[in-house]
Amino acid sequence: MKQTSIPARDEVPAEDTWKIGTLYPDDESWNADLARFSAMLGPVNAYRERLSDPPGAAAEDLAGVLDEWSCAQRLAEKLGNYAFLKKAEDEGNASNLDRVGRFMMATSAFEAATSWLVPAIQALPDGKIAGWISAPASAASSDGAPGGGRFADYRVFLEKLLRMKPHVLSGSEERILALLTESSQTPGNAFSVLTNVDLDFGTVDAGKGPEPLTQSTWSRFLESPDRSVRKEAYDKFYAGFDSHKNTLAACYAGSVNQDVAQARIRGYPSSRAMALFPDRVNESVYDNLVSTVRSNLADLHRYYALRKRALGVGELRHYDVYVPLVPDAKRVTPYAEAVDLISEALSPLGDDYVSTLRSGLLGGWVDKYENKGKRSGAFSSGGYEGYPFILMNYKDEVLRDVFTLAHEGGHSMHSYNSARNNPFLSYGYTIFEAEVASTFNEELLFRHLMKTTDDPRTRAYLLSTRASDIVATLYRQTMFAEYEKMTHELVETGTPLTAELLRAEYRKLLGAYFGPEMVLEGTSDLECLRIPHFFNAFYVYKYSTGISAALALAERVCSGGKAERDDYFAFLKSGGSRYPIDALRVAGVDMESPAPVEAACRTFAGILDELEKALGELG
């Protein structure tokens with residue numbers, strides 16, 4: 001459906017919306033469950049006194065409180081999913097905003113009143129819990145506790161909780177840290193308000209009169225085919241950051257100092273070790289990523305040299321790296337045809353996977369088109385109950401949206417399989433794994449379109465888009481990861497972070513990654529002060545490992561048979577039952593080895609070879 005105007009939410013045909021009535025048929029049902037959720041606090045807190053004496057606590061006390069608490073958490077997830085999906089439908093609707101507010105208040109109160117639970121569990125003797133959860137299902141443990149089957153749904157949750165125990169402090173110390181939680185977010189909050197609200201970047205005229213230059217419109221101006229528009233937007237954007245560079249540097253330094261302090265307080269050897277510990281990811285995974293990408297920068301430099309030639313510029317500037325090389329590939333793909341394309345592309349995964357995803361994409365998982373007040377972009381929101389919903393703002397004439405639909409479908413199928421094969425407390429997969437299933441689907445769609453498309457311009461568009469995606473996800477995120485490691489190590493070794501130091505170190509990275517063809521601006525290194533992800537330290541490397549794993553698994557499944565496909569399904573079904581490195585190893589890729597990253601770099605080199613030929617054929 002090609003939209004000629006943007007409808008109000010109540011004007012959208014029902015068949016184009018997601019069926020969140022499968023979660024709650026009406027607001028009254030949701031309100032009733034919200035009240036029921038708040039009432040669940042009593043049964044949970046009824047166990048507090050019994051668990052307050054760790055040596056005397058019985059297995060049934062632990063099992064009973066987990067029964068009550070997990071039931072409440074499951075209901076909270078369902079309530080929250082509905083509330084946030086309704087808000088995404090129309091963010092200007094007062095009822096939707098009120099619903100989210102009431103949900104947040106209820107869950108905050110519940111969390112505060114049950115904050116004793118996790119410390120109480122961790123205070124139980126290790127041997128006691130280990131005996132309870134390891135006892136055969138048909139037998140009692142040595143102390144007469146019920147068999148391990150009583151803890152079958154909680155085993156993984158408890159094991160992961162106990163693994164964190166060496167870094168948990170006393171109750172009074174934990175309370176102090178909890179009270180500091182809100183203030184510890186000040187650096188990131190200040191950065192967000194400054195860059196999204198207070199900074200005025202001016203306007204840019206891209207041919208339709210002056211338009212505001214903001215964090216949201218910045219990328220659109222940088223994709224303009226008019227180089228003067230790109231330059232004007234770039235100069236004005238970074239002039240804004242330049243005028244506040246010391247404040248921005250202080251915000252980031254504050255965030256790094258918080259990370260370092262937390263790591264030292266909790267007894268970790270470094271802030272990076274602290275960030276990787278919950279996922280049980282060895283620091284060698286991070287180091288292998290950086291060193292492997294570093295050793296393959298020649299092809300990245302070749303990409304920028306190709307970009308310089310394709311754009312026909314005498315000097316490649318920093319504001320030239322985002323404009324599409326093939327901007328005018330013409331292809332209209334109505335939504336139903338997009339589902340057909342995706343179904344064909346994902347055929348290597350077998351009939352069950354394809355039929356499940358296809359029925360979901362056509363039968364109520366997806367909110368398809370833009371409406372007034374609807375959240376922009378796209379996302380997948382899977383829960384333990386209900387459909388793994390997908391928000392789209394699909395446009396028939398934008399081929400990129402077909403890839404977005406495939407991407408979000410990968411997330412949803414990951415959630416679908418995880419929820420159906422794990423207990424509630426261990427079904428959620430980690431961020432480390434999250435981008436694998438989605439990028440896997442994009443890769444299969446890319447391969448399918450390249451095999452079935454004869455139009456030279458469309459093929460060149462596909463290749464250029466795929467190349468830029470890998471640059472953005474593999475190379476650029478690795479550069480960010482290298483920067484984060486450096487900044488935290490500086491503080492950990494006693495060097496304070498200043499705007500001058502941050503810019504100087506970042507400029508070295510820009511020179512190394514962009515290579516000899518790039519002419520950097522005097523303000524290019526200010527980029528290190530504008531990346532929001534840096535306020536969530538040691539997160540961005542997961543994008544790079546995710547695309548590396550996805551490319552390796554796509555090749556393995558496409559060139560393999562039933563065994564390779566079953567291995568991939570084992571990964572999709574793992575949920576949170578395994579640590580991410582173990583789950584990916586089951587799928588057939590070892591992220592503790594540099595091999596997947598090396599293979600991803602080779603894939604990029606092959607795409608670059610084809611892109612050079614394709615652009616040459618276009619003339």
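The values are calculated or read from the model by the stated rules, or taken from the named source; none is laboratory data. Keep in mind that what you see is a predicted model, and the values were worked out from it rather than measured. All Cβ positions, glycine included, derive from the backbone under ideal geometry; neighbour counts span all protein chains shown.
Would you confirm whether or not region 105-114 contains a residue that is under 29 Å from Gly149 (Cβ atoms) and either modelled with pLDDT under 95 or touching a Leu at 6+ places or on another chain (Cβ under 6 Å) (or both)? Among the residues of region 105-114, at least one is under 29 Å from Gly149 (Cβ atoms) and either modelled with pLDDT under 95 or touching a Leu at 6+ places or on another chain (Cβ under 6 Å) (or both), which makes the answer yes.
Filtering region 575-586 down to residues that are within 20 Å of the chain's Cα centre (by Cα) and among the aliphatic types (A, V, I, L, M), which residue is surrounded by the fewest Cβ atoms within 10 Å (Cβ to Cβ)? If you could, list the steps in order and put the result at the bottom.
Restricting attention to region 575-586, the residues satisfying the condition of being within 20 Å of the chain's Cα centre (by Cα) are 575-584.
Of the ones still in play, those that are also among the aliphatic types (A, V, I, L, M) are 581, 583-584.
Working: Ile581: 20, Ala583: 23, Leu584: 25.
So, considering only residues that are within 20 Å of the chain's Cα centre (by Cα) and among the aliphatic types (A, V, I, L, M), the one surrounded by the fewest Cβ atoms within 10 Å (Cβ to Cβ) is Ile581.
Considering region 222-234, and only residues there that are without any contact (Cβ under 8 Å) to a residue 60 or more places away in the chain and surrounded by fewer than 15 Cβ atoms within 10 Å (Cβ to Cβ), the residue that is farthest from the chain's Cα centre (by Cα) turns out to be Ser228.
Scanning region 582-619 for residues that are more than 23 Å from Val290 (Cα to Cα) and assigned to a loop (DSSP other than H, G, I, E, B) turns up just one, Gly619. Considering every residue within region 591-598, establish whether at least one is closer than 23 Å to Lys451 by Cβ, crowded, with 17+ Cβ neighbours inside 10 Å and modelled with pLDDT of 95 or more. No: region 591-598 contains no residue that is closer than 23 Å to Lys451 by Cβ, crowded, with 17+ Cβ neighbours inside 10 Å and modelled with pLDDT of 95 or more.
When Phe604, Phe538, Phe569 are checked against the criterion of being closer than 30 Å to Glu500 by Cα and modelled with pLDDT of 95 or more, a single residue qualifies: Phe538.
What's the total number of residues in region 423-460 that are outside any helix (DSSP H, G or I) and closer than 29 Å to Arg74 by Cβ?
The first filter runs over region 423-460 and keeps only residues outside any helix (DSSP H, G or I), leaving 423, 427-430, 453-455.
Next, only the ones that are closer than 29 Å to Arg74 by Cβ stay: 423, 427-430.
So the count comes out to 5.
Listed by position, the helices (runs of 4 or more DSSP H) inside region 6-62 whose residues that are closer than 23 Å to Asp153 by Cα number at least 3 are 41-45, 48-51.
Pairs meeting the criteria (first residue in region 268-285 and under 14 Å from Met486 (Cα atoms) and in contact (Cβ under 8 Å) with a residue 24 or more places away in the chain, second residue surrounded by 21 or more Cβ atoms within 10 Å (Cβ to Cβ) and among the charged types (D, E, K, R), beta carbons under 6 Å, at least 6 apart or on different chains) are Ser271/Asp259.
Quick check on this structure: which one of Gly522, Gly546, Gly511 is in a helix (DSSP H, G or I) and without any contact (Cβ under 8 Å) to a residue 40 or more places away in the chain? Step through it out loud before you land on a result.
On the way: Gly522 fails: in a helix (DSSP H, G or I); Gly546 fails: without any contact (Cβ under 8 Å) to a residue 40 or more places away in the chain.
After ruling out the rest, the residue left standing is Gly511.
In region 339-382, how many residues are among the small types (Gly, Ala, Ser) and in a helix (DSSP H, G or I)? Don't jump to the end; show me each part of the working.
Applying the first criterion (among the small types (Gly, Ala, Ser)) to region 339-382 yields 343, 345, 347, 350, 355, 359-360, 363-364, 373, 376-378, 380-382.
Filter once more, keeping what is in a helix (DSSP H, G or I): 343, 345, 347, 355, 359-360.
Result for region 339-382: 6.
Any chance region 68-80 includes a residue that's at pLDDT 95 or above, outside any helix (DSSP H, G or I), in contact with a helix residue (DSSP H, G or I) (Cβ under 9 Å, 6 or more places away or on another chain) and farther than 22 Å from Lys368 by Cα? Spell out the reasoning first.
Within region 68-80, the subset at pLDDT 95 or above is 68-80.
Going one step further and asking which of them are outside any helix (DSSP H, G or I), we end up with none.
No, region 68-80 contains no residue that is at pLDDT 95 or above, outside any helix (DSSP H, G or I), in contact with a helix residue (DSSP H, G or I) (Cβ under 9 Å, 6 or more places away or on another chain) and farther than 22 Å from Lys368 by Cα.
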